[in-house]
1. Rounded to the nearest 500, what is the 222 nm mean residue ellipticity of chain B from helices alone, with -39500 (n - 2.57) per DSSP H run of 4+ residues and division by all residues?
2. Where in the stretch A:466-508 is the amide nitrogen less than 19 Å from a point lying 7 Å along the Cα-to-Cβ axis of residue A:432?
3. Out of the DSSP beta bridges found with both residues in the stretch A:158-300, what percent are antiparallel (nearest 5)?
4. Using per-residue counts of other Cβ atoms within 10 Å, averaged over each peptide, order A:63-75, A:424-436 from highest down.
5. Residue A:295: which lysines have alpha carbons under 23 Å from its alpha carbon, excluding same-chain residues fewer than 8 sequence positions away?
6. Let's test the formula: R0 of 41 Å, r as the Cβ-Cβ distance of residue A:636 and residue A:185. What FRET efficiency results, to the nearest 0.05?
7. Give me the extension gain from residue A:451 to residue A:285: residue separation times 0.36 nm, minus the current Cα-Cα distance, reported in nm with one decimal.
8. What distance in nm lies between label points placed 7 Å from Cα along the C-beta direction at residue B:104 and residue A:388?
Amino acid sequence: MRMDDLLQEFIAETQETLEALAGEVVAWEADPSDRDRLDAIFRFFHTVKGSCGFLNLPRFERLSHAAEDVLSDLRSGQRSPDPATVNAVLGVMDRIGELAEAVAIGAALPDENDDLLIGALSADAHSNSVPETDAVAAPAPEQRVRQGGAQAVPRTIRLPLSLIDQLMNGVSDMVLARNELSRQLRERSGDPELESAFERLSTCVADMRDAISKTRMQRVDRLFTAIPRMVRDLGRELGKRIDLTLEGGDVEMDREMVEMVVDPLTHIVRNSIDHGIETPERRRALGKPEVGMLKLEARQSGNQIVIEVSDDGQGIDTQRLVEKAVLAETLTRDAANRMSEAERLELIFHPGLSTAQQITAISGRGVGMDVVRANVERIGGVISLDNQPGRGLRIILRVPLTLTIIPGLIVRAGGLHFAMPRAAVVEILHDNNAMLRIAEVAGAKIATIRSVRHSMVDLEDVLGMEKLPQSGPRSIMVVRSGTGVPFAMGVAAVENHEELVIRPASPLIMASGVYAGMTLPDNGKPMLLLDAAGLANAADLPNVADDCAQRHIEEDEMNAAAVEMIPALRFEELSGERRLIQLSVIERVEDIDTASFGRSGSRAFVRLDGGLVPVVNGVHSFGAATVSALRIRDGAREACYPVAAVLDIIDMPLVPDMVAMHGVLSGVSVIEGEHLEVINPFALFAGLPGESVPEQARGRCVLADGDDGWTREILAPLLRQAGHEVVLGLPAGEPVDPLDVVLSSGPDLSQAAEILGCRVVHLRASPRPSGPQDGSIYRYDQDALMAAIAGVGR
Amino acid sequence: MDQLYLLATLAGTKVAVDAHEVEAVVRLADVSPVPGMAAHVAGLSALRSRVLTIIDVPALIRGTATSVEKRGYAIIADISGHSYGLVVDAVHDICQVADGGLPLRGQLDPAWTPYARAIVEHEEQPYLVVSLVSFIETGPLAQAA
């Protein structure tokens, strides 16, 4: 290995460790008795010292040597970690970081005050009794950081990103080859051995694809590393005391995504400390604990990462926001009076408005929440606020798991298919919908939806395609771009919604401005992703919104008639998606022992209250001992729907915002800014096996040949399992219910039963009927048998 | 130094392309059109898991799009990180040319001037040396500007 390589390696390692340590140092300061963290910091300086002696980096060596000495005194207890010492150690760490940066880019190393830093370290070493230095004369704000314990560093290697991309491409090729092979196999006759070998290969390829995608993932920890230090420094600067909690650092997201979220997140945290959390004096006066609470929490929800930043500060004063907006003449007093609280809160995202009474050096630098929102939306994310004036603010960021996979709608126009980011689509209607009116004046199209007027364009016109004749109605999408006002766009049809792997299109195509990327679906035909804002630009639509407040008044008046809301349960699927199901079909929610689940053939069942109930999503094995399940019922039939978590009950529109029948889904509704798929209960029950419905009104199965071994050992258990009540032998002296079904292998008995008025199913032992008159059923033909019993029962 | 050239016919003209620029030559399969683009952007085509932007080079030269049946082969090239397929009439050979590039002589059709760099001779026939990058970069950017 060449010296240069060694140096690069050293710099990269140092920078990485520094980043990871930033949080540890603050935690250690908060709890100086934490030996693990002290050791971690000591090890860092020790490693730096060792490597730089070898690499001939004298400045690194001096700094790390001095820090190591002090830390070693701390370890042996000869010295206590007072704030001055911690500051000095942090100063040295920062300097090492600067030096590493300088070496990495080959810049000159400013050499003025290494001595000062080292002096600060050693001065304290010899003067335990000397009072604190001026730098920290202010009362040192208390800092406490809780993190999930010191983390063991996993073993890792360094790889160029291009290699991973190459691997990713290779695997994508493999998936396509597999799809092609699978198509060819389907066309040829099925050889079970070949098919099972192919299945195995298929699973391997899928696993591999998952594993490779994980290489692009990074723990959210990385996003959090800089936060404790920032909170500490800002708190000191502003004289505020903050208790920081970080949670969910082990959630993983795409590394590019991490990069994109750092800035908005940093800004939000700065805002919280600067404008949200009050000074200790003020908090005391307000009767709050002196130490402010700041909490960062990350979790995965379906294919989104949710990052919440909450504080217990003063929240946003919406009245002040409104005053500012009126003063700035972006809002009329009249309109302001009509605004709802949520709309007033929205003003925080308007450029140039801030509730901060004075501009501070921390966050009042002209970068406002408008920029934060723009940055979050650029990566397909959503930002929302939960404001409790006087009690705190919670800011929720929802960003996609990766930059490259987005939920999209497949639309058809001019005979071609295009993808549209689902987040950009507010609503979809057919053009024959009564709520929609389309008018045309001098070539301009205006779509009025529930008395809100939108500019309207047809996708074919924007792209210069021919509009093909079609029999059904066209679809109108209300599209919201990141910047402009919503507009209506007509397409031939909205065909499907699916997760799309987006890749950049060539500059040639991007230059047109209407495309945001492309995707290669399984059918191997490339498809372009439309850019909502670009389309609005290309169509040259005027950027005027209808008076928002006016609309709300009208909406309120006609709300009852326009959108009928029904209660729905919001839940999380085992696969992670969040979905809605109408509450009325749910009988109850309970935790079920996973041992009760089982499988018969391709169907999953669960044993509940002594009977077998079908499992709608076919899941029968679980990781945990119990699973939450929805018990659903359509009046007669019952089914079980195991889910990952039941979230809450909300109101959803009776008709989903976007109707797209697809499997068990009826469409997508937007609830509180979140796109949720809505379960179609009809499809759910329609997909259930028919014979396993014990609740249907029907009689017993009377097995006439109760003494026969086959009847007793094979037929009876089968019928019981299917939910029938079984009686062995003709009941003696007991009346036979007309609903009862008699199963018989002998002709004599069946005649007798027929006389009794109930129906008979004849069974025979041979696969073939004895003649054309033979109405009997082969006794191993289960489907026919079940159908006969069910049919007879009706 | 001898250099490898791909010899092809492009818009009825014999051309040579530096083999370093060429990644592969494929027979064109399905091309999904991209509406709203200049005529020479024929569309997108999938080559295994890669998506190629297909450039109808004859359209760039002559101004009229090549009909779908006439699009025979495409030269695959990777230009600044994106994959392109450039439509050609026919591909003849890959061979070494002894003398290397010769200066352009005679009056060149103005349609070719943005793309031609030199001339090579192979079996006593002149071939126009064209750069694939120029088809991507001069064409569209000049029109987009």
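1. -4000 deg cm²/dmol
2. Residues A:468-477, A:490-495 qualify, since their backbone N sits under 19 Å from the label point.
3. 35
4. A:63-75, A:424-436
5. A:240
6. E(calc), rounded to 0.05, equals 0.50.
7. That works out to 54.8 nm of additional length.
8. If labels sit at residue B:104 and residue A:388, their model points lie 7.4 nm apart.
Computed from the coordinates by the stated procedures, all read-outs in this text should not be read as laboratory data. All values derive from a computational prediction rather than experimental measurement. Note that we place each Cβ from the backbone using ideal geometry, even for glycine, and neighbour counts take in every protein chain shown.
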